[in-house]
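The values are calculated or read from the model by the stated rules, or taken from the named source; none is laboratory data. If you're wondering where the values come from, they're calculated on a predicted model, not measured in any experiment. Ideal geometry is used to build each Cβ from the backbone, glycine not excepted, and the neighbour counts take in all protein chains shown.
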Ligand SMILES: NC(=O)c1ccc[n+]([C@@H]2O[C@H](COP(=O)([O-])OP(=O)(O)OC[C@H]3O[C@@H](n4cnc5c(N)ncnc54)[C@H](O)[C@@H]3O)[C@@H](O)[C@H]2O)c1
Ligand SMILES: [Zn+2]
């Protein structure tokens, strides 16, 4: 780290789980520990971090390094943006989801009550450093969560990646560091390619919402892990693609098979009326419908506005 950060004093921000397993890695620097998990991605944790920064005498010459999953990387970026009107920061993502998704793109922020990412800024870190040895302690359910976003990337941008995922299993990636490194790098290239071309979400960046519109609705309603909700959302979006976009049935069944292979759920017993009500409130909704990300083929996505009427008629068949 000291080679990456010249002439600044480093402070590490991490969560209790990552610290517990990897304390040795942090021995050279002051560490601020936070409580782990989404419920702590909030103002109280920001206040705690700021108090600790003040105690440590942090100033404009301080360099923050967020080491952890997406909660830590989001909150570190946010604190770095607002502490003394901005200090420099870097990220070391330690979960699959943070490596391929949360750490990339410069978006950061915290939740306010039930409202996810209500406060935040867009600010790029000075670096994102990948240390795959962290993954040795990542719980299986967090691997599974991260793979939902990896499969999403393959669906919207990369048919070859999709077939690579078909060839291997989760276990292969968990046990072969070279294989997982290649996979993560591929996904970093996909996400950063999209965000570089569209930093402020005017066009292509929306493709990253594939599976997330219906996904978010059922995530809240059923208290599902994010990856599970996105997985079911991707299947629903595929069904919708089949109905409105000529997406081929055999491709939809390839996706269902792949998700199941990576231990992700592909359907859910739900109350369709209730989900539809949540969808109608979605912030991505426009006057005349909802912008969905649909697939032409595996590896090629597009944005399409679906009217609420049309969606309502087909809703029970797609979810
Ligand atoms: N900024 C963005 O563009 C963006 C994109 C996607 C997601 N996100 C955010 O990311 C967050 C989800 O990220 P996440 O799934 O990494 O959640 P997380 O940070 O809560 O990590 C999941 C769990 O894994 C633990 N963990 C992380 N790395 C570990 C390791 N190496 N060993 C052992 N345990 C480890 C954490 O302590 C936590 O308990 C959400 O808040 C989401 O909003 C942000
Ligand atoms: Zn997601």
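Is the range 61-68 home to any residue that is more than 30 Å from residue 220 (Cα to Cα) and surrounded by fewer than 18 Cβ atoms within 10 Å (Cβ to Cβ)? Among the residues of the range 61-68, at least one is more than 30 Å from residue 220 (Cα to Cα) and surrounded by fewer than 18 Cβ atoms within 10 Å (Cβ to Cβ), which makes the answer yes. Can you find, within the range 200-236, the residue that is modelled with the lowest pLDDT among those that are under 16 Å from the mean Cα position of the chain (by Cα), in a loop (DSSP other than H, G, I, E, B) and more than 10 Å from ligand 2 (Cβ to nearest atom)? That would be 201. Being without any contact (Cβ under 8 Å) to a residue 24 or more places away in the chain and either within 16 Å of ligand 2 (Cβ to nearest atom) or surrounded by 14 or more Cβ atoms within 10 Å (Cβ to Cβ) (or both) holds for only one residue in 183, 179, 170, and it is 179.
Annotation: of all residues in the range 15-29 being outside any helix (DSSP H, G or I) and out of contact with any helix residue (DSSP H, G or I) (no Cβ under 7 Å at 6 or more places or on another chain), the one that is nearest to residue 75 (Cα to Cα) is 29. Considering every residue within the range 142-162, establish whether at least one is without any contact (Cβ under 8 Å) to a residue 40 or more places away in the chain and loosely packed, with under 15 Cβ neighbours inside 10 Å. No; the residues of the range 142-162 include none that is without any contact (Cβ under 8 Å) to a residue 40 or more places away in the chain and loosely packed, with under 15 Cβ neighbours inside 10 Å. The number of residues in the range 54-79 being in contact with a strand residue (DSSP E or B) (Cβ under 7 Å, 6 or more places away or on another chain) and more than 16 Å from ligand 2 (Cβ to nearest atom) comes to 16.
Kindly establish whether residue 249 is in contact with a helix residue (DSSP H, G or I) (Cβ under 7 Å, 6 or more places away or on another chain) and surrounded by fewer than 18 Cβ atoms within 10 Å (Cβ to Cβ).
Against the criterion (in contact with a helix residue (DSSP H, G or I) (Cβ under 7 Å, 6 or more places away or on another chain) and surrounded by fewer than 18 Cβ atoms within 10 Å (Cβ to Cβ)), residue 249 qualifies.
The listed residues are 293, 268, 298, and the only one of them that is within 16 Å of ligand 2 (Cβ to nearest atom) and either at pLDDT 90 or above or surrounded by fewer than 15 Cβ atoms within 10 Å (Cβ to Cβ) (or both) turns out to be 293.
Within the range 186-199, which residues are part of a helix (DSSP H, G or I) and either within 16 Å of ligand 1 (Cβ to nearest atom) or surrounded by fewer than 16 Cβ atoms within 10 Å (Cβ to Cβ) (or both)?
187, 188, 189, 190, 191, 192, 193, 194, 195, 196, 197
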